[in-house]
C-alpha cells in the first residue's frame with residue numbers, strides 16, 4: 001500500500017505552495033518549504049495562537065510582503081483553535097486570520113490519519129509516528145535540509161507548542177514556545 005500523498009504545486013507571491021484543498025472558488029495553500037526560522041512567541045510565556053507573536057508577524061509583516069493584487073486574493077478565515085487531546089489542554093478562542101500555521105488536526109487531515117491523534121500512541125507517548133511521517137516532512141527553502149515546522153496547537157500546556165519534526169513525527173508534548181530555530185510553513189486560503 002502506498003501512503004504517499006502528493007499535492008499539486010502552484011506559485012503565488014514568488015513562493016511555491018501546495019494546494020491542500022479546493023472549495024468552490026477558494027483554495028487552501030501551504031508553503032512547500034519552510035521559508036524562514038522564527039519563534040512561536042518572542043518570550044517564554046503562557047500564550048495561545050490568538051496571543052502569540054508569530055500570529056502577529058504572519059498577519060502583519062509577512063502579509064505585507066504580498067502585492068496589493070495578491071493581498072486582495074488572500075481571504076480572512078476563521079481558524080478553530082483546538083486544544084491538545086493527549087494532554088487535556090483546552091481549546092482557545094477562534095481567530096480570524098489571513099495567514100496562519102496549521103493545527104495538528106489539519107496536519108492529520110491533509111497528510112494522513114492513522115487514528116493516533118484520537119487514540120494516542122502507547123509506543124511513543126509524546127509523538128505521532130506512523131506511515132505518514134514522510135508526507136509531513138519538509139525542507140528549508142535556502143539549504144534544502146530537513147526542517148522542523150510550527151503548528152498552532154498547544155503542546156502539554158500553553159507554554160509549549162506542537163510541531164512536526166525533521167523526520168515528520170508530530171511532537172504532541174511540544175517544545176518551549178519561544179524556541180528560536182523552528183521553520184515557518186505558513187498556510188492561507190486564496191480566492192481563485
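Conditions tested, residue by residue: (1) outside any loop (DSSP other than H, G, I, E, B); (2) closer than 23 Å to residue 97 by Cα; (3) within 16 Å of the chain's Cα centre (by Cα).
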| residue | (1), (2), (3) |
| --- | --- |
| 143 | no, no, no |
| 157 | no, yes, no |
| 163 | yes, yes, yes |
| 168 | no, no, yes |
| 172 | yes, no, yes |
| 175 | yes, no, yes |
| 181 | no, no, yes |
| 185 | no, yes, yes |
| 189 | yes, yes, yes |
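Give me a count of the residues in segment 112-129 that are more than 19 Å from residue 155 (Cβ to Cβ) and touching a helix residue (DSSP H, G or I) at 6+ places or on another chain (Cβ under 6 Å).
1
For residue 132, all conditions in the list (1) within 20 Å of residue 62 (Cα to Cα); (2) crowded, with 20+ Cβ neighbours inside 10 Å; (3) more than 11 Å from the chain's Cα centre (by Cα) hold save one; what is the number of the exception?
Answer for residue 132: the failing condition is (1).
For every residue, the table says whether it meets (1) in contact with a helix residue (DSSP H, G or I) (Cβ under 7 Å, 6 or more places away or on another chain); (2) over 24 Å from residue 191 (Cα atoms).
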residue	(1), (2)
4	yes, yes
15	no, no
22	no, no
45	no, yes
55	no, no
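Inside segment 48-66, can you point out the residues that are surrounded by 13 or more Cβ atoms within 10 Å (Cβ to Cβ) and without any contact (Cβ under 8 Å) to a residue 12 or more places away in the chain?
Result: 51, 56.
For segment 87-105, which residues satisfy the criterion of being surrounded by 13 or more Cβ atoms within 10 Å (Cβ to Cβ), in contact (Cβ under 8 Å) with a residue 40 or more places away in the chain and within 27 Å of residue 60 (Cα to Cα)? First the steps, then the outcome.
Filtering segment 87-105 for residues surrounded by 13 or more Cβ atoms within 10 Å (Cβ to Cβ) gives 87, 89, 91-92, 94-95, 97-105.
Next, only the ones that are in contact (Cβ under 8 Å) with a residue 40 or more places away in the chain stay: 87, 89, 92, 95, 97-105.
Across segment 87-105, the qualifying residues are 92, 95, 97, 98, 99, 100, 101, 102, 103, 104, 105.
Hey, can you tell me all the residues within segment 20-47 that are surrounded by fewer than 17 Cβ atoms within 10 Å (Cβ to Cβ) and more than 20 Å from residue 65 (Cβ to Cβ)?
The answer is 21, 22, 23, 24, 25, 26, 43, 44, 45, 46.
Do we find a residue being assigned to a loop (DSSP other than H, G, I, E, B), modelled with pLDDT of 95 or more and over 14 Å from residue 192 (Cα atoms) anywhere in segment 15-27?
Checking segment 15-27: not a single residue is assigned to a loop (DSSP other than H, G, I, E, B), modelled with pLDDT of 95 or more and over 14 Å from residue 192 (Cα atoms).
Which condition number does residue 135 fail, the rest of (1) closer than 20 Å to residue 17 by Cβ; (2) in contact with a strand residue (DSSP E or B) (Cβ under 9 Å, 6 or more places away or on another chain); (3) in contact (Cβ under 8 Å) with a residue 24 or more places away in the chain being met?
(2)
Test each condition in (1) at positive phi; (2) surrounded by 14 or more Cβ atoms within 10 Å (Cβ to Cβ) for residue 14 and report the one that comes out false.
(2)
For segment 81-110, how many residues are assigned to a loop (DSSP other than H, G, I, E, B) and closer than 15 Å to residue 150 by Cβ? Spell out the reasoning first.
If we filter segment 81-110 for residues that are assigned to a loop (DSSP other than H, G, I, E, B), which is where we start, we get 81-83, 88, 90-94, 98, 101-103.
Add one more test, that the residue is closer than 15 Å to residue 150 by Cβ, and what stays is 81, 101-103.
Counting residues in segment 81-110 that are assigned to a loop (DSSP other than H, G, I, E, B) and closer than 15 Å to residue 150 by Cβ gives 4.
Would you please list the contacts, defined by Cβ atoms under 6 Å and residues six or more apart or on different chains, that run from a residue in segment 111-128 that is at positive phi and assigned to a loop (DSSP other than H, G, I, E, B) to a residue that is surrounded by 15 or more Cβ atoms within 10 Å (Cβ to Cβ) and at pLDDT 85 or above?
Within 6 Å, the pairs are 112/132; 112/135.
The values are calculated or read from the model by the stated rules, or taken from the named source; none is laboratory data. Since we're looking at a predicted model, the values are computed, not measured. Cβ sites come from the backbone with ideal geometry, for glycine too, and all protein chains shown count toward neighbours.
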